[in-house]
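Trainee: Once you've had a glance at the structure underneath, I'll fire off some questions.
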Amino acid sequence: MKNSLVIFLCLLASFAFAQNEKRMSRSEYIEHYKDDAIEEMKANGIPASITLAQGILESGDGNSELARKANNHFGIKCHDWEGKKVYHDDDKKGECFRKYKSVRESFRDHSEFLKKPRYEALFELKITDYRGWAKGLKKAGYATNPKYPTLLIELIEKNDLSQYDQTQKRKKNKKSNTTKTESKVISKRRGSHTVKLHPNNIKFIEPKEGDSFEKIAEEFNMGEWQLYKYNDWEKGSPLFTNGILYLQPKRSKAQEEYHTVVAGESMWDISQQYGIKLKRLYKLNRMSTDQKPETTQKLHLRKKKK
């Protein structure tokens, strides 16, 4: 009787272990995490297809040791990390990796990781340009494998992951002189500000009386230099309290084709309104940086169609 009980308990333990070790299939991974990828796309402008493909590749469909023990689906190492850590053999033996409370936290940190300056150019690409994103990640140094872009693109195309990027498409209003009313709230109130998404796919807030670059940088865990740069604002100058303050880089083109200047508008005003870089706006209109726009002047906001 005693031996039978021991055998039964061993079998039960083996069954439980086998259940815990059950591997997740690729289709299960996509179904389970596609909503997280879409949510990050809406909040941070990273194509859901890219996030999913990276997660699949880096975590082995969620089955890697790092994914199972640390919820780390993107192989992000400990650089500047104050949270929990695990040690895992990678390029070198016993390297330090970030450990997360949940997979959702891993997806969120992946988005934060891509906000580094070296990935800035990626956010100028269309949300549906997964090929450009895949190649841009390799060019910016995300991975050392020379085949990394090809692997991501193949994963996206074989599994039809680009379908999840379509939810971010927006209707273009080519003749509108304003875009602010089309902005959407994309996150709950953080600190004293509500984060919104500009139609040109850039996160922003509206500064208030008493705000400063230092205060906002601290609130959003950013460098002050980023806020100055993203908003084409002279470093060291006081924060403006009218208009919008971008938390991500502006783009090289607007959604609209042109803007007709109204009295009192500056090139910077127009740059902020449409989420287009100030230098790019000058270049598109063949103007020097000391030139001012004239009332009723028609300014191009993107390259002319041939």
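Trainee: Can you give the net charge of the other residues whose Cβ lies under 13 Å from the Cβ of residue 261, counting K and R as +1 and D and E as -1? Walk me through the numbers on the way to the answer.
Mentor: Values: positive: 292, 298; negative: 265, 269, 294.
After counting each charged neighbour, the total is -1.
Trainee: Okay, moving on. Okay, which of the range 134-157 sit inside 17 Å, backbone N to the point 7 Å along the Cα-Cβ direction of residue 118?
Mentor: Under cut-off, by backbone N: 134-149.
Trainee: Another question about this same structure. Just subtract the alpha-carbon distance of residue 289 and residue 214 from 0.36 nm times their residue separation and send over the number in nm, one decimal. Could the numbers behind the result be given before it?
Mentor: On the way: separation 75, 0.36 × 75 = 27.00 nm, distance 2.76 nm.
24.2 nm is the gain from fully extending residue 289 to residue 214.
Trainee: Then there's this: Test of understanding: ordering 151, 245 by Cβ neighbours within 10 Å, fewest first, what list do you get?
Mentor: Values: 151 17, 245 21.
Going from sparsest to densest Cβ surroundings: 151, 245.
Trainee: Follow-up question, since we're still on this one. Pairs to check: 135/208; 34/138; 22/42; 203/235; 34/99; 92/147. Give those whose C-alpha atoms are more than 30 Å from each other in this structure.
Mentor: Details: 135/208 39 Å; 34/138 23 Å; 22/42 32 Å; 203/235 21 Å; 34/99 21 Å; 92/147 20 Å.
Pairs exceeding 30 Å: 135/208; 22/42.
Trainee: Calculate, in nm to one decimal, what residue 65 and residue 126 gain on full extension: separation in residues at 0.36 nm each, minus their alpha carbon distance. Mind dumping the intermediate values first?
Mentor: Details: separation 61, 0.36 × 61 = 21.96 nm, distance 3.40 nm.
Extending this stretch completely gives an extra 18.6 nm.
Trainee: Using the beta-carbon distance between residue 26 and residue 221 and R0 = 41 Å, what value does 1/(1 + (r/R0)^6) give for FRET efficiency, to the nearest 0.05? Write out the running numbers ahead of the final one.
Mentor: Values: r = 34 Å, r/R0 = 0.82.
Efficiency computed from Cβ-Cβ geometry: 0.75.
Trainee: Let me ask something else. If you filter the range 53-91 for GluC sites (Glu not before Pro), then keep DSSP loop positions with at most 16 other Cβ within 10 Å, what is left? Don't skip to the end; give the middle numbers.
Mentor: Working: sites: 58, 65, 82; in loops: 82.
Counting only loop positions with at most 16 other Cβ atoms within 10 Å, the GluC sites (Glu not before Pro) in the range 53-91 are 82.
Trainee: If the cut-off is a Cα-Cα distance under 15 Å, which aspartates and glutamates reach residue 116, setting aside same-chain residues fewer than 8 apart in sequence?
Mentor: Counting by Cα, and skipping residues close in sequence, residue 116 has these aspartates and glutamates nearby: 80, 124, 224.
Values in this text are rule-based calculations from the coordinates and carry no lab data. Bear in mind that the values here come from a model prediction, so they are computed numbers and not experimental data. Backbone-built Cβ (ideal geometry, glycine too); neighbour counts: all protein chains shown.
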